[in-house]
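Before any comments, here is the structure.
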Amino acid sequence: MLAASRIHTLPALAAPLVTLYLNTNSADPRNQGHPPGYLIWLKSRARVIGGRAPREEQKLFYEQTKRVEDYLRQQPPHQRGVVIFAGRTAWEFLPLQVDVEDELHWGPPSLTQLLWLLDEHQPCGVALADRSGVRFFRFWLGEAVEQKHDAFRVDISQWKRKDQMPPSHPGIQKTRGSQRDVFEQRIEAQYARFYREAAERTRQWAEREKLDAVFLAGPNEAVEPLWAELPRAFQERAALVKGVAAHSTPAELQARLAPEVERWKRESELSVVNRMLANPNGSRVVLGMDETLARLQQGLTRGLVVVRGLGGKLWQCSKCGWVDRAADRVCANCGGERKLVALRAVVPELARRYGVPVEVVAGEAARKLREAGGMGAWLR
């Protein structure tokens with residue numbers, strides 16, 4: 001699984017270098033030939049980008065694209081997409097199990113698409129429980145990884161039924177009746193304690209990992225009482241998935257829960273957008289591109305919501321960095337020269353500059369938000 005710490009090092013890679021985003025999904029018909037379509041696209045696009053590179057850098061550009069092409073031929077990716085950074089002193093290969101759009105850049109590291117992917121695919125977790133413990137899995141960017149150091153286990157072998165134990169003295173009958181009932185009550189009290197402790201451990205794990213959502217899965221007899229012990233506020237960002245085998249592997253769990261995760265995400269996004277639309281431009285919410293961008297750059301927003309795939313162009317001041325859709329060539333704030341930039345490239349950079357989380361929405365939520373201008377923000 002891709003480490004967040006690794007992503008943070010990418011802006012420091014020495015330029016100029018090649019940045020390549022490539023759809024390598026074998027299920028895509030274009031990638032089922034020989035050579036696969038992604039290699040054909042790479043060669044074609046490299047000719048275009050190479051022709052635009054400064055003359056003194058063209059030799060290095062073609063050396064690096066050849067290096068990337070050779071690597072992909074020798075080690076064909078088995079992931080849905082890859083991101084590669086390749087330069088004279090740099091080599092980073094990031095395999096991804098999410099959809100990637102083909103892009104090739106030369107110069108500084110191009111992080112725009114990667115930042116969008118990180119905003120769109122927030123990490124979530126799965127707590128897989130049975131009556132002996134809980135296993136914790138982190139789902140991120142299409143992968144599931146078990147965090148074994150967080151596992152919560154109890155030794156139920158010490159909870160033997162009293163009527164199944166051999167008598168301590170020969171000739172003495174096994175305990176029956178009221179004593180057996182008392183023993184069974186003690187067993188149930190042990191399980192009740194286990195569920196309380198497991199619920200608290202699950203909550204602490206989710207908070208520490210900063211998970212967007214948690215899916216409590218497992219056999220019915222374990223997940224139902226465990227779910228009941230979770231705090232109500234925590235349940236609001238969690239989901240119960242019954243009938244999941246407790247011995248599931250990460251791959252099996254990923255396949256079983258992927259539709260549940262997708263459904264939960266779309267429902268959550270729709271709820272967010274509906275709440276925004278119920279509080280139109282005012283003290284809590286702003287809607288529409290112009291007002292949202294202005295408030296964002298004034299430091300007045302605490303959360304940004306954007307339609308997936310939102311495109312368009314903006315004008316940005318090369319001196320103070322202010323961005324808006326006004327076509328003036330001179331910045332009204334500082335008098336600096338303004339240049340045309342892609343909205344898709346600017347928005348994630350602005351959000352990180354001002355420390356504002358971004359939620360990317362799709363489906364019905366995207367349709368509704370697009371009608372309101374394609375983006376909105378919660379105000380501080």
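Since every read-out is calculated from the coordinates, none of them should be taken as a lab result. As the structure is a prediction and not an experimental result, all values here were calculated from the model. Using ideal geometry, Cβ is built from the backbone for each residue, glycine included, and neighbour counts are taken over all protein chains shown.
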Open item on the list: What whole-number distance in Å separates the alpha-carbon centres of segment 1-31 and segment 342-380?
Closed with: 23
- [ ] Subtracting the Cα-Cα distance from 0.36 nm times the residue separation, let me have the gained length for Ala278 to Ala233 in nm, one decimal.
- [x] 14.0 nm
- [ ] Please name whichever of Leu60, Tyr195, Ala278 sits farthest to the positive end of the charge dipole of the chain, dipole taken about the Cα centre and charges placed at Cβ: Lys and Arg +1, Asp and Glu -1.
- [x] Leu60
Task: Counted charge near Gln297, where neighbours are those whose Cβ lies closer than 15 Å (Asp, Glu -1; Lys, Arg +1) - done: +4
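Within 14 Å, Cβ to Cβ, of Arg138, how many net charges do the neighbouring residues add up to if Lys/Arg are +1 and Asp/Glu are -1?
Once positives and negatives cancel, what remains is -2.
With a cut-off of at most 14 other beta carbons within 10 Å, and DSSP calling the residue loop, which GluC sites (Glu not before Pro) in segment 59-132 qualify? Please list them.
In loop regions of segment 59-132 (DSSP not H, G, I, E or B), the sparsely surrounded GluC sites (Glu not before Pro) are Glu101.
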Open item on the list: Springs between alpha-carbon pairs under 10 angstrom, Gaussian network model over the chain: which of Ala198, Ala53, Ala206 fluctuates most?
Closed with: Ala53
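Quick check on segment 191-243: take the gyration tensor over C-alpha atoms, sort the square-rooted eigenvalues as a ≥ b ≥ c, and tell me if it's rounded (a/c under 1.5), prolate or oblate.
Since a/c reaches 1.5 but b/c is at least a/b, the shape of segment 191-243 is classed as oblate.
Could you give the dipole magnitude of segment 193-262 about its Cα centre, charging the beta-carbon of Lys and Arg +1 and that of Asp and Glu -1, in debye to the nearest 20?
Rounded to the nearest 20 debye, it is 180 debye.
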TODO: Work from the charge dipole of the chain (Cβ charges, +1 for Lys and Arg, -1 for Asp and Glu, about the Cα centre) and give the residue of Val134, Leu314, Leu216 farthest towards its positive end.
DONE: Leu314
TODO: Select from Gln316, Gln74, Gln298 the residue whose mean-square fluctuation is largest in a Gaussian network model of the chain (Cα-Cα springs shorter than 10 Å).
DONE: Gln74
Task: Violating pairs (Cα-Cα greater than 23 angstrom) within the set Lys66/Lys313; Lys242/Lys368; Lys242/Lys265; Lys210/Lys368; Lys43/Lys313 - done: Lys66/Lys313; Lys242/Lys368; Lys210/Lys368; Lys43/Lys313
Task: Summed side-chain charge close to Thr249 - residues other than Thr249 whose Cβ falls under 11 Å, Lys, Arg +1, Asp, Glu -1 - done: 0
Task: Computed label-point distance, nm, for sites Lys339 and Gln298 using a 7 Å Cα→Cβ extension - done: 2.8
Open item on the list: Treating only the Cβ of Lys, Arg, Asp and Glu as charged (+1, +1, -1, -1), what charge dipole size does the chain show about its Cα centre? Round to the nearest 20 debye.
Closed with: 340
- [ ] First measure r as the distance between the Cβ atoms of Ser271 and Arg67, then evaluate 1/(1 + (r/R0)^6) with R0 = 30 Å and state the FRET efficiency to the nearest 0.05.
- [x] 0.05
Task: Cα lying deepest toward the dipole's positive end in the chain, options Ser44, Val347, Gly243, charges on Cβ - done: Val347
TODO: Measure nothing fancy, just the Cα-based angle from helix 37-52's long axis to the longest principal axis of the chain, in degrees from 0 to 90, nearest 10.
DONE: 40
Task: Rg/Rh (Cα only; Kirkwood hydrodynamic radius) as it applies to segment 4-110 - done: 0.95
Task: Student exercise, segment 244-327 dipole from Lys, Arg, Asp, Glu Cβ charges, in Debye to nearest 20 - done: 220
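Need one number: convex hull volume per residue for the chain, Cα atoms only, in Å³.
Cα-based convex hull of the chain, divided per residue, equals 190 Å³.
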Open item on the list: Between 0 and 90 degrees, rounded to the nearest ten: what's the tilt of helix 343-353 against the longest Cα principal axis of the chain?
Closed with: 60
Open item on the list: Quick check: the angle from helix 178-209's long axis to the longest principal axis of the chain, C-alpha only, nearest 10 degrees?
Closed with: 10
Task: Amide H contacts of Phe215 (H built 1.01 Å from N, under 5 Å, at least 5 apart or other chain) - done: Gly125, Val126, Ala127, Ala239
